[in-house]
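Here, each number is a calculation from the coordinates, and none is a lab measurement. In this text, all values refer to a predicted model and were calculated from it rather than measured experimentally. Because the Cβ atoms are built from the backbone with ideal geometry, glycine has one as well, and the counts that use them run over all protein chains shown.
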Amino acid sequence: MQDLTFLVDKDVTAQFGELTILSGEENGMGGFSIEPETKPEGGGCSSCSSCS
């Protein structure tokens, strides 16, 4: 992502490590995603009851 700067809170970096931006082609989801180096415990969003 040339010429774009992303600012990430230090607490987010400390908790999840380096963040990687993936295109829809790279992640197979048809849109951009941000993937953490350290995955959240408990499965991330899939464990959230409000998304069901």
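Need one number: nm distance between label points at Leu7 and Asn27, each 7 Å from Cα along Cα→Cβ, rounded to one decimal.
2.3 nm
Quick one: Karplus J couplings for segment 23-38, per residue in order, coefficients 6.51, -1.76, 1.60, θ = phi - 60°, nearest Hz, x for Gly and Pro?
7, x, 5, 6, 9, x, 10, x, x, 5, 9, 10, 10, x, 5, 9
For the residue pair Phe16 and Glu37, what label-to-label distance in nm results when each label sits 7 Å from Cα along the Cα-to-beta-carbon direction?
1.4 nm
Sorted by mean Cβ packing within 10 Å, highest first, what order do the peptides 5-13, 28-36 take?
28-36, 5-13
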